[in-house]
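Input: a single structure, listed below in structure tokens.
Quick note: the coordinates plus some simple rules give every number you see, no bench work behind them. Computed from a predicted structure; not experimentally measured. Quick reminder, even Gly has a Cβ in these numbers, built from the backbone with ideal geometry, and neighbours come from all protein chains shown.
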């Protein structure tokens, strides 16, 4: 995963596509939220946001 | 010794290829082993088959080359969804999980799929069209050539013109998503009720039944063909993020109705649509080919990408294009990307992780007649057949060839499994069903009773290369069945010109009615003794018995099934279809002697 993130950062720098960062961050947060909502104690707090 | 494993996966037709010191040692598609047509999953079975062919293990691999740049492709996907949002949210939600899994983190997918891979092994990534261009040029017989790759879409590019010189491939021009000839053809494929990424062949086969009555409408309102060879789609006609069809209401109004549902009735409008998009595609390709010639000044052309499987267009490029010679990668679709990626890595500079090896062209090419898959010995085959208690006899070569020729002459349909399996979508005589092309009933028999597929679909002839000119107006050899040519005038018979649509199917059009399409064309495979000695010998045996050096050659499978790989697959298909005789190596099996009426199939049938 670290390797992928490093390559993704290199890609953003090379292609000057920094505007993709907010989109990817939102997607990652959403992904994490879905992950947590299905298998953790924080689930009840996340439900209202999903 | 340097061993490079090429992989294509995660879209459609995943495959593996193994290049050892620059030589293509093995290549195979995953679908042949997993028995799921167009299988897109990580090609672990195909990899195992390639490694077994070379007698090595995963730990012996020195580099892995993947046929795409996943981050770039992911970025294109994100940008497309963002550009069209909020439209396509459903498709976005469906697509995203696969991207956040193995498709994006290829390092993880490679580690999971290749247990035992040494940690120092380089993971190399070519772009999608670099892989296609490498597969088109590097194994070709040319020292220098123009290269044209055309498909649906890779990362961003949909069409690339490049120049190949020695081991170097220099990209010159590209067209970018969403302006794509492959997507355009696929949109019409889906609109006419066939499955995208596999039904394009059916649309091409349907085209000769129709008239190009919609061609002007396509040129005026759907795709603009420009004088410089480029083209632009009118995006107001398409719904590129739709779940089922790629087209929208405007497109449907333009062409007279909603999409044809799969298995719906085929009427003249669908045939006219097929013919119209075929004509426009050919014009677009000819424009691109002329542009490639202008830009490079080369005399030779190499083609790859899914659109290069359009053998009708290839025939026109050969006849009407400006190039002296053309060479088409037999695995022109995405499966060939595995081979291209591995070859590109072998020749790429060491700075890019490659071997930096020089190249000299091989004659007739470096593809070993596309016979790059696994082979089974007669003893292996016998063991597999005995599991089913199959009844077979072991014949010597002369007896086997004589009996097969006799069976074919008497109208029998023969399943023919020999040597190494083909790489690419076509069966070239090692995993084939063969029949007598002189029989007027054979097309219908083989379509409906043997392969259980649509009656309109044509069959291809395989012909002794040395006698091909007597039967077909073919200006060059066609070893990979990728060129369509007219049946020679001397073989043609007069037909009623007033017949239309499927009524033309029943007309006797030539002395080879089973392989002559309704427009008098044929998708020819030429065979030399060097390329495939066994098939050549069978054609010779049939010729000496009948005077005819031509056979029907169609892939050994039934509708929805991948082409057979092993003797077990072949036996099951033989039992479950209308094939009369099965020949596996030197083993001879007759249907009437078998203890089964049917056997469970091992493939997952896919809808069309």
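Given R₀ = 51 Å, what would the calculated FRET efficiency be for residue B:396 paired with residue B:87, taking r from the Cβ atoms and rounding to 0.05? It comes out at approximately 0.15. Projection of the Cα convex hull of the protein assembly as shown, averaged over all directions and equal to a quarter of that hull's surface, yields 30.1 nm². Reducing segment B:1-34 and segment B:271-294 to their Cα centroids gives an inter-centroid distance of 31 Å. Shape call for segment B:399-448 from the C-alpha gyration tensor, a ≥ b ≥ c root eigenvalues: rounded (a/c under 1.5), prolate (a/b greater than b/c) or oblate? It comes out oblate by the Cα gyration axes. Rounded to the nearest 5, what % of DSSP beta bridges with both residues in chain B are antiparallel? So the antiparallel bridges in chain B amount to around 70 percent.
Taking Cα atoms of chain B, Rg/Rh with Kirkwood Rh, to two decimals?
Values: Rg = 23.3 Å, Rh = 24.6 Å.
Across chain B, the Cα-based Rg/Rh ratio is 0.95.
Sort A:19, B:156 so the one with the fewest other Cβ atoms within 10 Å of its own Cβ comes first.
Least to most surrounded, the residues fall as A:19, B:156.
The residues B:376, B:99, B:327, when put in order of fewest to most other Cβ atoms within 10 Å, stand as B:99, B:376, B:327.
Size of segment B:78-181 from its Cα atoms: along the principal axes, largest to smallest, the extents are 48, 42, 15 Å.
For the protein assembly as shown, the mean residue ellipticity at 222 nm estimated from helices alone is -10500 deg cm²/dmol, where every DSSP H run of n ≥ 4 contributes -39500 (n - 2.57) and the total is divided by all residues, rounded to the nearest 500. Quotient of the Cα radius of gyration of segment B:129-332 and 2.2 N^0.38 Å, N being its number of residues: 1.00. May I ask for log10 I(q)/I(0) of segment B:281-355 at q = 0.19, 0.21 Å⁻¹, from a Debye sum over the Cα atoms as equal point scatterers with solvent left out? So the normalised log intensities work out to -0.83, -0.93.
Counting every Cα pair in segment B:330-407, what percent are over 14 Å apart? Every Cα pair in segment B:330-407 considered, those over 14 Å come to 78 percent. When B:573, B:311, B:548 are arranged by Cβ crowding within 10 Å, least crowded first, meaning fewest neighbours, the order is B:548, B:311, B:573.
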